[in-house]
Each structure stands twice: as structure tokens, then as C-alpha cells.
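Okay, so here's the structure we're looking at.
The values are calculated or read from the model by the stated rules, or taken from the named source; none is laboratory data. Given the structure is predicted, the values throughout are model-derived calculations rather than measurements. All Cβ positions, even for glycine, are placed from backbone atoms using ideal geometry, and neighbour counts span all protein chains on display.
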């Protein structure tokens with residue numbers, strides 16, 4: 001039974017990674033029509049990531065303390081590097097793939113914790 005719960009946490013982390021990537025890229029594209037990404041736009045985009053993680057945990061009935069770190073660490077590690085080092089012509093699926101990889105990676109500690117807690 002714990003294996004199913006651990007797999008569920010891991011898959012939800014990957015799905016959240018996709019949603020974080022698409023939310024951030026969408027917010028970035030929407031707010032940078034003037035080609036300048038200002039600090040308030042970054043704050044608004046990060047706030048949308050917070051709302052996305054909270055809504056995702058409510059819809060999937062997963063724990064918020066697991067989903068918030070996964071969302072923000074996915075944002076920091078694969079997404080910031082890829083976005084700020086990008087040329088601007090990358091396809092959307094590439095960011096979705098990076099978000100998935102980041103979500104699965106950062107969800108791995110919570111998956112292992114779910115698997116071995118209470119033993």
C-alpha cells in the first residue's frame with residue numbers, strides 16, 4: 001500500500017512540474033510584451049506559482065508541505081537556468097519537459113519519505 005502512495009506522490013510531483021513550467025512561461029510571455037522583465041513581474045509570476053501549487057494540492061488532495069517545495073525548487077533549478085539562458089526561440093514542450101524532470105527530481109525525497117515513514 002505504501003508503494004502506491006509513494007508512486008502517487010512521485011507522479012503528482014512530475015505533473016506539478018509541468019504545470020509550474022507552463023505557468024511560469026505563460027506568465028513570462030504575457031508580462032514581457034515590452035521586452036523587459038521587471039521585479040514586480042517576477043513577483044507576480046512567482047505568486048502565480050504559489051497559487052498553482054496550492055490549487056494543485058487542493059485538487060489532488062496531496063499535502064501542501066510536499067507540493068510547495070517541489071514547485072519552487074522546480075522553478076529555481078531547471079526553469080530559471082533554462083529561461084534566463086535561453087535565446088527566446090525554444091519550443092514550449094522543451095520547458096514542459098524540463099519542468100517534468102525537475103518535478104520528478106525534487107519530488108523524489110518526498111517519495112522516499114512516503115515509502116519509508118512509519119517503519
Taking the stated definitions as given, is residue 16 within 15 Å of the chain's Cα centre (by Cα) and at pLDDT 95 or above? yes
Being at pLDDT 90 or above and more than 13 Å from residue 102 (Cα to Cα), is that true of even one residue in the range 23-37? yes
Limited to the range 19-33, what total is found for residues that are surrounded by fewer than 19 Cβ atoms within 10 Å (Cβ to Cβ) and in a helix (DSSP H, G or I)? 6
